[in-house]
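Following: one structure in C-alpha cells, then a few remarks.
What follows draws every value from the coordinates through simple rules; no lab data is involved. The model shown is predicted, which means the values in this text are computed figures rather than measured ones. Glycine gets a Cβ as well: all are built from the backbone with ideal geometry, and neighbour counts include every protein chain shown.
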Amino acid sequence: MVDARQGILPQTRRHSFLMSLIGMRHIVVAINKMDLVDYSKERFDEIVEEYRAFAKQLGLEEITFIPMSALKGDNVIEHGHHMPWYHGPTLMAYLETVEVDEERLQRQPFRMPVQWVNRPNLDFRGFTGMIASGSIKPGDAIRVQPSGQSSTIKQIYTFDGDLDEAIAGQSVTLLLEDEIDISRGDVISDVDQPAEIADQFETSLVWMHDEPLLPGRPYLMKLGTQTLSATVTDIKYQVNINTLEHTAAKQLDLNGIGVCTLSLSKPVAFDAYKENADTGGFILIDRMTNNTVGAGMLHFALRRSQNIHMQHVDIDKQARALSKAQQPAVLWFTGLSGAGKSTIANLVEKKLHAAGQHTYLLDGDNVRHGLNRDLGFTDADRVENIRRVGEVAKLMVDAGLIVLTAFISPFRSERQMARDLMEEGEFIEVFVDTPLDVAEDRDPKGLYKKARRGELKNFTGIDSAYEAPENPDLHIKTTEMSSEEAADAIVEMLRKRQLIS
C-alpha cells in the first residue's frame, strides 16, 4: 500500500525486500489516496517507474499497479469515474482472480514434518503431520531424516477414512510397513529425493526485537515441528533496504535484515527456503522470555557442516573422572567486578588441591591475556567471551576435572548457555553477591573510578547492565561472611552433592 502523496517510502522498500526474501511471486502495489493528488496519471506513472526500478534489483517481476481512492471507492470494488485513464483490474477483482500456484507444491518432492507420534494401542503406530510438499500413496518408499532410515507407506489414515493418495496441505497420519524409530520434528521424505541434513547454515534473518541480536548468544529455533538450540555465529553483512547495499555489522538492531551463519545444537532435516518454505523457514525465540525475536530463511548448509563429524574415543569422561576419584563439575562464580569472585575461587581451589582433588581455575583477567585477548568489553564481545569460556570449561569437565570459573558473566542468557553445555548436575552457579556501593568502595583495580570519569566504557554496574542470578545454586553474600567462610561453604556443598569425598 502506497500513499500517492508520499510515494515510495523506506517502509515500502522494507516490505518489498521481505516479499522477495520469502519468495512471493505475485505483488500488487495499491497506490491509494489518488483523490489527494487530483487523480493524476503523471503522479501514478512516477510511482510506478520508481517502484519498478527498485523491484528489478530484488528480482520481483509479476507486479500489478492499481491506482485507488479508498475514501471515494475508486478501483477498490468498482472502477468509478475519476480515473478513466486506468483500464486494469480493481483491487478486489485482482485478489479474487490472482493465480495461486498450489500445483507447484504438489510437484515437489514429498515432505512431511512429524507433528506427533500416535500410538493408541500396540497394533497402531502412526506419524501425524501436515504434508508440506509433494504427494504420497500406499506402497511408496520413504526416508526419514535426519536418521536416514527407510520404509514403505502401509496406510494413509484420516478421521474421515483412509486415503488412496494424500497431497500437500493435507493433515494425515501415515502408517509404515516397518517398525522404525521416528520422533516429533523428524521429516518423512521422498526416498530418492530426501531432505538435506546439516547443523550449520547461511541464512537471511529479520530481527524483530528491541534488544539487538548478538553473535554467540544462544536462542531457541523453531524449524517445522521441532525446537532446538541455535546460535548466530557470524553476521556476514546487513542489508541497507534503501540502496540494497551490503554493510558490515556486529549486531542486528530492531528491524535489521542481515545474512548470517547459524549453528544448531544438532543436525536437522531441511530444504532451502526458496524450494520449500515449510522446511526452510524458521523463527528464533528468546530463551529467557520465550518471545519471538527473529525470523529467517535457510539458504544452504555450510560445507564444514558436511565435513566435520564427532570422532569416537574409547576413554570417556567417566573413565577420566574415576581415575581422579571425583565427579567432574563447573563452579561458575558470577558477580560484579570487585565482588570477590577470584579471591573466593582461589581459596576454594587451594582447599580442593589440599584434599587431593584435580582442579583448574579459569579467571576472567587471565583468560583475556591469551584465549580471549582479541575481545573487548562491548555486549557482543562479552557474549563471545563467555561462549569461549563455556566451551573450554566443557572440555575440562570432559577431562574429569573440577573447573572453577571467575567471570562477571553479566547476562543470564550466556550463563544459561554455559549450563546447557554441561550434563545435569555438572554446572553449579555461585552468585558472589556484593552491593554495588561496596564493590565500588573496594575497587581493587581502580576500574570503577575510571568508569565514573568516563575513561572506561561498557563497565558492568555503571553503564552496562548486570543481570543477577534468579535461582543460583549457591548465594554468597559477602557482606555477611568472609572469603574464607564462603570457600568453606562451597567445599561443604560439593561434599553434600557427593562430587568429592
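Mind ranking 337-344, 386-393, 250-257, 19-26 by how tightly packed they are, going by the mean number of other C-beta atoms within 10 angstrom, highest first? Don't jump to the answer; show the numbers that get you there.
Details: 337-344: 24.1, 386-393: 21.1, 250-257: 16.8, 19-26: 15.0.
In decreasing order of mean packing, 337-344, 386-393, 250-257, 19-26 become 337-344, 386-393, 250-257, 19-26.
Nothing charged except the Cβ atoms of Lys and Arg (+1) and of Asp and Glu (-1): what's the magnitude of the dipole of segment 105-190 about its Cα centre? Round to the nearest 20 debye. Let's see the in-between values first.
Working: 8 positive and 12 negative charges, 60 e Å.
Here segment 105-190 has a charge dipole of around 280 debye.
What lysines sit close enough to LYS394 to cross-link, taking a C-alpha to C-alpha distance under 29 Å and skipping anything fewer than 8 places away on the same chain?
Within the straight-line cut-off, LYS394 pairs with LYS222, LYS236, LYS250, LYS266, LYS317, LYS324, LYS341, LYS350, LYS351, LYS477, LYS496.
Using packing as a proxy for protection, rank 85-98, 472-485 so that the peptide with the highest average count of other Cβ atoms within 10 Å comes first.
Numbers: 85-98: 13.5, 472-485: 15.1.
Peptide ranking by packing, descending: 472-485, 85-98.
Which whole-number percent gives the relative contact order of segment 117-206, counting Cα pairs below 8 Å spaced six or more residues apart?
Taking the mean separation of contacting Cα pairs over the length of segment 117-206, I get 32 percent.
Where nothing but the Cβ of Lys and Arg (+1) and of Asp and Glu (-1) is charged, how large is the charge dipole of the chain around its Cα centre, in debye to the nearest 20? Please list the in-between numbers first.
On the way: 54 positive and 74 negative charges, 334 e Å.
Dipole magnitude for the chain comes out near 1600 debye.
Cβ neighbours within 10 Å, averaged per peptide: list 269-281, 313-325 in order, most packed at the top.
Per-residue Cβ counts within 10 Å, averaged per peptide and sorted highest first, yield 269-281, 313-325.
Do the sum for the chain: with -39,500 (n - 2.57) for every DSSP H run of n ≥ 4, divided by all residues, what is the mean residue ellipticity at 222 nm, to the nearest 500 deg cm²/dmol?
Numbers: 14 runs with 134 residues, N = 501.
Counting only the DSSP helices, I get -7500 deg cm²/dmol.
Once the Cα atoms of the chain are picked out, what are the Rg and Dmax in Å?
Just the Cα atoms of the chain yield Rg and Dmax of 29.2, 95 Å.
If we count every other residue with Cβ under 14 angstrom of GLY425's Cβ, Lys/Arg +1 and Asp/Glu -1, where does the sum land?
Working: positive: LYS317, ARG419, LYS496, ARG497; negative: ASP420, GLU423, GLU424, GLU426, GLU429, ASP473.
Around GLY425, the charge tally is -2.
Once label points are set 7 Å from the Cα along Cα→Cβ at both ILE180 and ASN118, what is their separation, rounded to one decimal in nm?
2.0 nm
If you filter segment 407-453 for GluC sites (Glu not before Pro), then keep DSSP loop positions with at most 10 other Cβ within 10 Å, what is left?
Values: sites: GLU414, GLU423, GLU424, GLU426, GLU429, GLU440; in loops: GLU423, GLU424, GLU426.
Within segment 407-453, the qualifying GluC sites (Glu not before Pro) (loop, at most 10 other Cβ atoms within 10 Å) are GLU424.
Could you give the nm distance between label points at ASP420 and ALA399, where each point is 7 Å from its Cα heading toward the beta carbon?
A separation of 2.6 nm, rounded to one decimal place.
Looking at segment 127-196, which chymotrypsin sites (Phe, Trp or Tyr not before Pro) are DSSP coil and have at most 14 other C-beta atoms within 10 Å of their C-beta? Intermediate results must be reported in sequence, preceding the final value.
Details: sites: PHE127, TYR157, PHE159; in loops: PHE159.
Filter output for segment 127-196: PHE159.
Rounded to the nearest 5, what % of DSSP beta bridges with both residues in the chain are antiparallel? The partial results should precede the final answer.
Working: 69 of 98 bridges.
Roughly 70 percent of the DSSP beta bridges within the chain come out antiparallel.
Evaluate Rg over Rh across segment 196-307, taking Cα atoms for both radii and Kirkwood's formula for Rh. Intermediate results must be reported in sequence, preceding the final value.
Numbers: Rg = 13.1 Å, Rh = 13.9 Å.
Radius of gyration relative to Kirkwood radius: 0.94.
Which residue, PRO10, VAL48, SER69, has the largest displacement toward the positive end of the dipole of segment 2-100 when charges sit on each Cβ (Lys, Arg +1; Asp, Glu -1)?
Working it through, the farthest residue towards the positive pole turns out to be PRO10.
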